[in-house]
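What follows is a short report on a single structure.
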Amino acid sequence: MRKLTITIIICICALIDVKAQYDVHFTHYWDMINFYNPAGAGSTKKLHAYAAYSNQMSGFENNPKSMLINADLPLTMLRGDHSLGAGVINDEIGIFTNQHLYLNYAFGLKLFGGRIAIGAQLALLNAKIEPGKLEFGGESNDPAFPTSAADGNTFDFGAGILYQHKLFYAGISALHINAPLIEIGEKNQMQVDPYFNFTAGGNIPLKNPLITIQPSVQLMTDFVSWRADITARGSYNYKEKNFFGGVTYSPSTSVTMFLGIEFMDITVSYGYELFTSGVGAENGSHDIYIGYKMDLNIFKKEKNKHNSIRILQ
């Protein structure tokens, strides 16, 4: 089974023209809105930094592994509602290593008792082939398979819109709008298709103020293939610590379970994605999320007030 999987990966990845789902799906998508939608930059009104790691289809050799580091913040030193965000993702899939470096900008306005933001993303995509990972079990002179390392890069851009209310949020984005084509060396190409992402969620308070229910949904599609995630998440506040957990169902794909804790502005969570397509319970995906949020007061214009002190002799 392992050799068969390696062969399939090689045959798919070593084609001269490669088309693939470029963007990674993370279990904790509801706390990573600005990764999927540039309008999400500054949506928390705090400095929001996080890292996410996904080990997909564990148990298989050369399985996909993804690492994301992201930070965004509102520009409180400027007039108006401006925000910036930046991030980098490293994605390893078989003989390919994809890197995505991006910068997000968002501008917000008050609307219907909430906030609407419009965002834009400028990114640099890099793809690298490492043929040393190929194992033929014999000699191969097939020119379709690369014999030396090669890489290439190109620019990319996207846009999005996000509306936030105290009870719900909803947003849509279009990424890789320019359908970037990455030339990898002289013989290989990677086509990154545009795709749309829709995200929405809410906050349902209960009679017990310590317990809340937070449903959310996400739909990713390039109008050829699609993935939908429907999440039911509950949280319980106890002694300044917020414990949460829930389940995500992705039709025809998987069921994901996750648990986490929030304390001292830090969020730590783990999720396990169990595929329903026959891959096997032991070959699911492991997701780890670590986030930090901090209020930004250093740029606020506040007058320093001092009492008049007289030295009396």
State whether the residues of the range 1-24 include one that is of a type in the set (A, V, I, L, M), within 23 Å of Asp193 (Cβ to Cβ) and at pLDDT 90 or above. no
Can you pull out every residue in the range 29-75 that is among the hydroxyl-bearing types (Ser, Thr, Tyr) and within 9 Å of the chain's Cα centre (by Cα)? Tyr29, Tyr36
Out of Arg233, Arg227, sole residue that is touching a strand residue (DSSP E or B) at 6+ places or on another chain (Cβ under 7 Å) and under 23 Å from Pro64 (Cβ atoms): Arg227
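Rundown of residues vs (1) of a type in the set (A, V, I, L, M, F, W, C); (2) touching a residue at least 24 places away in the same chain (Cβ under 8 Å); (3) in contact with a Gly (Cβ under 7 Å, 6 or more places away or on another chain); (4) under 20 Å from Phe196 (Cβ atoms), yes/no style:
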residue: His28; (1), (2), (3), (4): no, yes, yes, no
residue: Ala39; (1), (2), (3), (4): yes, yes, yes, yes
residue: Ser58; (1), (2), (3), (4): no, yes, yes, no
residue: Asn62; (1), (2), (3), (4): no, yes, yes, no
residue: Ile69; (1), (2), (3), (4): yes, no, yes, no
residue: His82; (1), (2), (3), (4): no, yes, no, no
residue: Gly94; (1), (2), (3), (4): no, yes, no, no
residue: Leu103; (1), (2), (3), (4): yes, no, no, no
residue: Ala117; (1), (2), (3), (4): yes, yes, yes, yes
Matching residues in the range 59-85 (buried (at least 16 other Cβ atoms within 10 Å of the Cβ) and small (Gly, Ala, Ser)) number 4
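The values are calculated or read from the model by the stated rules, or taken from the named source; none is laboratory data. Keep in mind that this is a model prediction, so the values were computed, not measured. Methodologically, a virtual Cβ is constructed for each residue, glycine included, from the backbone with ideal geometry; neighbour enumeration extends over all protein chains shown.
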